[in-house]
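Since the structure comes first, as structure tokens, the remarks are kept for the end.
The values are calculated or read from the model by the stated rules, or taken from the named source; none is laboratory data. Predicted model, so just to flag it, every value in this text is computed and none were measured. When we count neighbours, we look across all protein chains shown, and the Cβ atoms used for this are built from the backbone with ideal geometry, even at glycine. The area values use the complete protein model at the heavy-atom level, side chains included, leaving out ligands, DNA and RNA. Shrake-Rupley method; radii C 1.70, N 1.55, O 1.52, S 1.80 Å.
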Amino acid sequence: PSLPDVALRVRDAIADAACDNRRIADLLAVDPSLAAKIIKIANSPLCRGNSTVVDLRDAVSRIGLHTVGELVICFSLKDLFNPDTPALRDRFSELVGEAVRVGACASVIGQRIGGLAEQALLAGLLSNIGAFALLERLALHPELLDDPGRVERALATYAPRVGGLICRNWALGDAMEVAVVNALDWQFTPGPGDTLAAVVVLARYHT
């Protein structure tokens with residue numbers, strides 16, 4: 001799947017060293033729903049300052065460019081997948097709820113260890129993205145849905161690798177890819193650069 005255009009534009013802009021808050025605010029303003037969510041986050045207890053933010057540029061300034069970039073991807077996820085098959089809709093909802101819980105827990109752990117809260121939130125939310133893509137594809141083959149066990153085996157076997165490929169396609173970085181690929185691996189032994197993956201596995205354990 002491809003990221004929505006606004007998410008791609010924001011991510012590319014943030015990667016530009018000359019990028020400033022005004023440019024990001026202008027990009028976000030194209031999507032009123034997304035802009036409203038960013039302002040809401042800026043006024044949440046996590047970011048709240050001495051005054052209420054009503055200007056999008058001030059909201060971006062308060063949250064921070066890179067955090068805004070992570071949040072835009074998070075907010076974009078819910079619009080990417082929508083399996084129409086009733087047999088899969090409940091399983092899809094379960095996986096979404098699980099990813100939200102893992103993301104929230106990972107964010108808290110990332111905050112406790114310092115400097116990983118936003119990235120850990122995104123990694124947790126993406127931890128089931130391979131399953132979302134597979135369920136959407138399985139919906140095109142009703143003959144495979146008569147055996148729920150077969151569906152679950154397909155998710156267990158392929159979802160982590162599919163999730164890793166999606167992260168690579170979106171250029172989210174090696175750390176994010178490793179975190180998503182190993183999110184379900186209880187035997188995962190993190191290396192020196194695998195802190196994010198360890199946080200996601202730990203968050204999944206707690207949830």
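Structure data summary
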quantity	calculated
For residue 159: the one exception among (1) among the hydrophobic types (A, V, I, L, M, F, W, C); (2) within 12 Å of the chain's Cα centre (by Cα); (3) buried (at least 24 other Cβ atoms within 10 Å of the Cβ)	(2)
Number of positions in the range 113-140 that are touching a residue at least 60 places away in the same chain (Cβ under 8 Å) and within 20 Å of residue 69 (Cα to Cα)	6
Qualifying helices (runs of 4 or more DSSP H) (wholly inside the range 1-48; at least 2 residues being touching a His at 6+ places or on another chain (Cβ under 9 Å), open to solvent by 60 Å² or more (accessible area, probe 1.4 Å) and without any contact (Cβ under 8 Å) to a residue 40 or more places away in the chain)	none
Considering residues of the range 172-207 that are among the hydrophobic types (A, V, I, L, M, F, W, C) and in contact with a Lys or Arg (Cβ under 8 Å, 6 or more places away or on another chain) only, the residue surrounded by the most Cβ atoms within 10 Å (Cβ to Cβ)	183
Filter result (assigned to a helix (DSSP H, G or I), acidic (Asp, Glu) and over 23 Å from residue 10 (Cβ atoms)) within the range 54-94	90, 94
Residue identified as touching a residue at least 40 places away in the same chain (Cβ under 8 Å), among the small types (Gly, Ala, Ser) and either in a helix (DSSP H, G or I) or within 15 Å of residue 197 (Cβ to Cβ) (or both) among 97, 163, 110	110
Test: residue in the range 66-74 that is touching a Gly at 6+ places or on another chain (Cβ under 9 Å), modelled with pLDDT of 90 or more and hydrophobic (A, V, I, L, M, F, W, C)	no
Test for residue 143: is it open to solvent by 20 Å² or more (accessible area, probe 1.4 Å), more than 19 Å from residue 78 (Cα to Cα), in contact with a Lys or Arg (Cβ under 9 Å, 6 or more places away or on another chain) and not in a loop (DSSP other than H, G, I, E, B)	no
